[in-house]
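J.: Take this structure first; my questions come after.
Computed from the coordinates by the stated procedures, all read-outs in this text should not be read as laboratory data. Note that the structure is a prediction, hence the values are computed from the model and not measured. Here the Cβ positions follow ideal geometry from the backbone for every residue, glycine too, while neighbour counts run over all protein chains shown.
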Amino acid sequence: MGASQKDFESAVNQVKLLKKDPGNEVKLKLYALYKQATEGPCNTPKPGLFDLINKAKWDAWNALGDLPKETARQNYVDLVSGLRSSSDSSSQVKPEADKKQAGYETLVITSEDHITKIMLNRPAKKNALNTQMYQEIMLALEAASKDDSTITVFTGSGDYYSSGNDLTNFTDIPPGGVEEKAKNGAILLRDFVDCFIDFPKPLVAVVNGPAVGISVTVLGLFDLVYASDRATFHTPFSHLGQTPEGCSSYTFPKIMGLAKAVEMLIFGKKLTAGEAYAQGLVTEVFPDSTFEKEVWTRLKAYSKLPRNAMRISKQIIRNHEKEKLHAINAEESSILQERWLSDECVNAVMNFLSQKAKL
Ligand SMILES: CCCCCCCCCCC/C=C/C(=O)SCCNC(=O)CCNC(=O)[C@H](O)C(C)(C)COP(=O)(O)OP(=O)(O)OC[C@H]1O[C@@H](n2cnc3c(N)ncnc32)[C@H](O)[C@@H]1OP(=O)(O)O
């Protein structure tokens, strides 16, 4: 006799209680069997090219063809029963999310010793910048520019400083299509980088681990960059079918010379912290074992310096270039808007997402 509706419902509930993630392949099978058991053969339209996850689900369901609902129900119950026995023997504990200050979901912001610290806080995603994080960083910079801190510090939570733009930002296509997505992305990028160009107080990066993409390029707009010797600096733009942003097409050649900037920005050469220091992108490198202690001792001392003198000195140093930086930012953003629609970019992003797809 086949599985009853009650057995099936019980199996559906048991899936939610599995202690171990069964992996994408099994989750696809479960999804497909569930849909077949409850709705019968797949007859919904195939999702679009960019909608990787729903397309994979659709493919799995569609592959079941005309499998009868009862058989799908039985197969589902059998599959869950197998998963339960293997899951009970090993449990996986997900790390608890870090504490977060009210109002921000992707950042932890603290103010102490006249220092506002903005910590990128998506450690499970290597602090990749999703659209919410871009927005929250802009809000945090706006607030920090007005608070009573003397310096503002960026750092990352967990083992990465940041893996750069969250590549899932390329999914979730609005009704206006990919063109609208790219247009909004370019506006977001431009506004985001403008906030760094205009930030009035000394801005410090405490680069606790590897940094990728936009988290590296904007370092050219920071006033101090302290790096752990575990940090690396990587801008794989060509690999992603993309082009430089964060004003790096201007700041990097200026900071490190054309030859070294080209190696990073066109050929995607990953720099060690020592190399980044030698090329002037990093102010100082510290051993990872004493990084936090040494850096924060230094920053606490700096934060006691007179606030107005520091702010005015920054203005004198940076103001001649502001107009130029805004123009460069606008140009880089508009070039990227086109790039995001290119086959080179679409294929590179799809490659990453399909390798990492979680269902
Ligand atoms: C048209 C739309 C426009 C949208 C809006 C645009 C806004 C402005 C854009 C500005 C342009 C910016 C450009 C850049 O920043 S380019 C750089 C982009 N970043 C990358 O290419 C890095 C991709 N990630 C990796 O290569 C690896 O994950 C990494 C080397 C960083 C770490 O590898 P490792 O093996 O140690 O760890 P995992 O890969 O298993 O990662 C752990 C989980 O984190 C997820 N992850 C990591 N990085 C990203 C990322 N950049 N985007 C999305 N998700 C990321 C990864 O998928 C893992 O997740 P799961 O545990 O769920 O699998």
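J.: Starting from the 7 Å offset along Cα-to-Cβ, what nm value, one decimal, do you get for the label separation of Lys356 and Lys183?
T.: The answer from the label model is 2.8 nm.
J.: Please compute the modelled spin-label separation between Leu67 and Lys55, points set 7 Å along Cα→Cβ, answer in nm with one decimal.
T.: Once both label points are built, they end up 2.3 nm from each other.
J.: Output the antiparallel fraction of DSSP beta bridges having both residues in the chain, as a percent to the nearest 5.
T.: 30 percent
J.: Express in nm, to one decimal, how much length is gained between Ser81 and Ser313 on full extension, taking 0.36 nm for each residue of separation and deducting their alpha carbon distance.
T.: Taking Ser81 through Ser313 to full extension adds about 76.8 nm, to one decimal.
J.: If r is the Cβ-Cβ distance from Asp7 to Asp229 and R0 is 56 Å, what FRET efficiency results, to the nearest 0.05?
T.: Taking R0 as 56 Å, the efficiency between Asp7 and Asp229 is 0.45.
J.: Please report Ser163, Ser4 as a ranked list, fewest other C-beta atoms within 10 angstrom at the top and most at the bottom.
T.: Ser4, Ser163
J.: Apply the Karplus curve 6.51 cos²θ - 1.76 cosθ + 1.60, θ = phi - 60°, to the phi angles in the range 111-122 and return the couplings in whole Hz, x for Gly and Pro.
T.: Values, residue by residue: 10, 7, 6, 6, 10, 9, 9, 10, 9, 5, 10, 10 Hz.
J.: Can you give me the Cα centroid spacing of the range 148-164 and the range 122-140 in angstrom?
T.: Comparing the Cα centres of the range 148-164 and the range 122-140, I get a distance of 11 Å.
J.: Given an 8 Å cut-off on Cα distances and at least 6 residues of separation, report the relative contact order of the chain as a percent.
T.: Rounded, it is 16 percent for the chain.
J.: Please report, largest first and rounded to whole Å, the three semi-axes of the ellipsoid equivalent to the chain, where each semi-axis is the square root of five times an eigenvalue of the C-alpha gyration tensor.
T.: 46, 24, 18
J.: For the chain, what is the calculated [θ] at 222 nm in deg cm²/dmol (nearest 500), taking -39500 (n - 2.57) for each run of four or more DSSP H residues and dividing by its residue count?
T.: For the chain, the value works out to -16500 deg cm²/dmol.
J.: Report relative contact order for the range 5-86 in percent, whole number only (criteria: Cα-Cα under 8 Å, sequence separation at least 6).
T.: So the answer I get is 42 percent.
J.: Using per-residue counts of other Cβ atoms within 10 Å, averaged over each peptide, order 149-155, 253-259 from highest down.
T.: Per-residue Cβ counts within 10 Å, averaged per peptide and sorted highest first, yield 149-155, 253-259.
J.: By count of other Cβ within 10 Å, fewest leading, how are Tyr104, Tyr160 ordered?
T.: By the 10 Å Cβ count, ascending: Tyr104, Tyr160.
J.: Another question about this same structure. Listing Leu17, Leu189 from the residue with the fewest other Cβ atoms within 10 Å to the one with the most, what is the order?
T.: Sorted ascending by nearby Cβ count, the order is Leu17, Leu189.
J.: Quick check: Cα centre of the range 17-68 to Cα centre of the range 182-202, how many Å?
T.: About 40 Å separates the Cα centre of the range 17-68 from the one of the range 182-202.
J.: Also, quick follow-up: How big is the range 5-86 on each of its three principal axes, counting only the C-alpha atoms and giving the largest first in Å?
T.: Taking the Cα atoms of the range 5-86, the three principal extents are 36, 27, 15 Å.
J.: Could you check the spin-label model distance between Thr131 and Glu284? Points 7 Å from the Cα along Cα→Cβ, value in nm.
T.: So the two model labels end up 4.1 nm from each other.
J.: Please list the non-local residues whose amide H lies under 5 Å from the amide H of Arg230, H modeled 1.01 Å from N, same-chain partners needing a gap of 5 or more.
T.: Answer set, sorted by chain and number: Asp288.
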